[in-house]
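The values are calculated or read from the model by the stated rules, or taken from the named source; none is laboratory data. Note that this is a predicted model, so its numbers are computed, not measured. Cβ placement follows ideal geometry from the backbone for every residue including glycine, while neighbour counts extend to all protein chains displayed.
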Amino acid sequence: MKSLVVGEQPPGYDVGDAYHYIRMRSLMAARTYNQQAIDGPFLQIRDVDGFTRVARRSAALGFDGKWVLHPGQVDAANEVYSPSQEDYDHAELILDAYAWYTSEAGGKLGAVMLGDEMIDEASRKMALVIAAKGRAAGMARTATFTPPDQVGVGNG
């Protein structure tokens with residue numbers, strides 16, 4: 001490619017991400033073998049805004065992290081690859097609600113409402129990823145699930 005900046009888009013490529021195909025192949029290979037997907041480095045170590053911009057691309061695809069080459073990139077990487085407090089709390093609520101609703105006490109249901117959102121096994125699997133990332137980042141919950149008085153009526 002016609003570029004001297006590792007990790008950045010090549011000059012003149014204005015139609016998307018020139019590395020999208022490679023990133024997706026790497027991500028799928030990592031997931032196939034139950035491994036973390038870590039994006040490559042950004043060599044302009046003093047350009048934290050550039051690092052953040054590039055990191056957001058791979059984070060949006062589901063990468064778990066990015067190589068950091070300088071201590072100045074660590075905070076940006078942690079911020080980009082960690083869930084927001086809102087997403088972390090929501091993931092934990094999904095896990096608690098789904099565990100309760102699929103239990104004997106909750107009626108052994110497979111799909112239920114959590115507020116205005118239908119949750120099921122697929123929701124649980126997605127929530128596991130976000131919750132694990134939040135826990136790894138040392139996040140603390142700010143919301144808790146309370147089982148409803150009636151089976152089938154969710155809250156959130």
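Yes or no: region 25-42 includes at least one residue that is outside the structural domain of R124 (by TED's automatic domain parsing), exposed (fewer than 12 other Cβ atoms within 10 Å of the Cβ) and of a type in the set (G, A, S).
Within region 25-42, one or more residues are outside the structural domain of R124 (by TED's automatic domain parsing), exposed (fewer than 12 other Cβ atoms within 10 Å of the Cβ) and of a type in the set (G, A, S).
Starting from residues that are among the polar types (S, T, N, Q) and free of Cβ contacts under 8 Å to residues at least 40 places away in the same chain, keep the ones in region 88-144 and report whichever is farthest from Q36 (Cα to Cα).
Only one residue tops the list, namely S103.
Exactly one condition in (1) modelled with pLDDT of 90 or more; (2) small (G, A, S); (3) loosely packed, with under 12 Cβ neighbours inside 10 Å is false for G12; which is it?
(1)
Can you confirm whether F51 is among the aromatic types (F, W, Y), closer than 30 Å to D17 by Cβ and at pLDDT 95 or above?
Criteria met by F51.
Only one of D89, D75, D120, D116 is among the acidic types (D, E) and closer than 30 Å to E8 by Cβ; which?
Details: D89 fails: closer than 30 Å to E8 by Cβ; D120 fails: closer than 30 Å to E8 by Cβ; D116 fails: closer than 30 Å to E8 by Cβ.
Step by step, each of D89, D75, D120, D116 is checked, and only D75 is among the acidic types (D, E) and closer than 30 Å to E8 by Cβ.
What pairs come out if I take residues in region 23-34 that are part of a helix (DSSP H, G or I) and pair them with residues that are of a type in the set (D, E) whose C-beta lies under 9 Å away, six or more apart or interchain?
R23/D17; R23/D39; S26/D39; A30/D64
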